[in-house]
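These notes are about the structure you will find just below.
Throughout, read-outs are computed from the coordinates displayed, never taken from laboratory work. This one's a predicted model, so the numbers in the text were calculated from it and none came from an experiment. Note that each Cβ is placed from the backbone with ideal geometry, even for glycine, and that neighbours are counted across all protein chains shown.
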Amino acid sequence: MGEGSVMTNNEIVNGFDDEKDESLKIKLQKVNEVEGCLVLYLTGYIDTYNSNYFQKRVAKAIESGFIRLVFQCGGLNYVSSTGIGSFTAFLKSVKPRGGDLVLLEIQPKVYEVFQLLGFSQFFNIKDNLDDSINFFRTGNTTETVAIFPKVFACPICSKKLKALKPGRFRCSECKTILAIDNAGQVFLG
């Protein structure tokens, strides 16, 4: 190796490697430029049998003060619905503390499971580590996630409308053209 700067898992999170599982290898990397930010490189799979192990390891990291978690999923080739339940549990655990999760390089077949369970919109999914770290650096974590789909009343006829994304569309009732921006503000188009 020869790199003095690479810390072991146990140096980053005390006792992290006390329990190991061959089916899921987790390598930790601390992100020094963002407070409380940790990258977890996942290799293997997460199923019903090892999801408890996975949850306990990550809970340990969260308890150590890492609330901004980037899961590097490039080496993760299968996640069962139980495994996805683990990710949602982490999200519930870090959100109240001002943290968030990013899933990085998630494989299409793993992403499909998130979509099937309807969870894909809760997670921030990024293509590279820089984007993930910048996401935490800008600090706009919770705002962007919660806006869409946005339900709002048409400013003209008060009909309840739903916008899935920013853009322009027409009220189904009074046919007024409306626009909605990234922050969820509604304007007359």
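What the table shows:
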| read-out | value |
| --- | --- |
| Strands (runs of 3 or more DSSP E) contained entirely in the range 9-119, each with at least 2 residues that are under 13 Å from the mean Cα position of the chain (by Cα) and surrounded by 15 or more Cβ atoms within 10 Å (Cβ to Cβ) | 37-46, 68-79, 100-104 |
| Pairs with Cβ under 7 Å, 6+ apart, first in the range 66-92 and under 20 Å from Val39 (Cβ atoms), second among the basic types (Lys, Arg) | Ile67/Arg97 |
| Number of positions in the range 178-189 that are surrounded by 13 or more Cβ atoms within 10 Å (Cβ to Cβ) and part of a loop (DSSP other than H, G, I, E, B) | 2 |
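Results for (1) farther than 21 Å from Thr88 by Cβ; (2) of a type outside the set (D, E, K, R), shown as yes or no for each residue.
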site: Asp21; (1), (2): no, no
site: Gln29; (1), (2): yes, yes
site: Asn32; (1), (2): yes, yes
site: Gly36; (1), (2): no, yes
site: Val39; (1), (2): no, yes
site: Asn50; (1), (2): no, yes
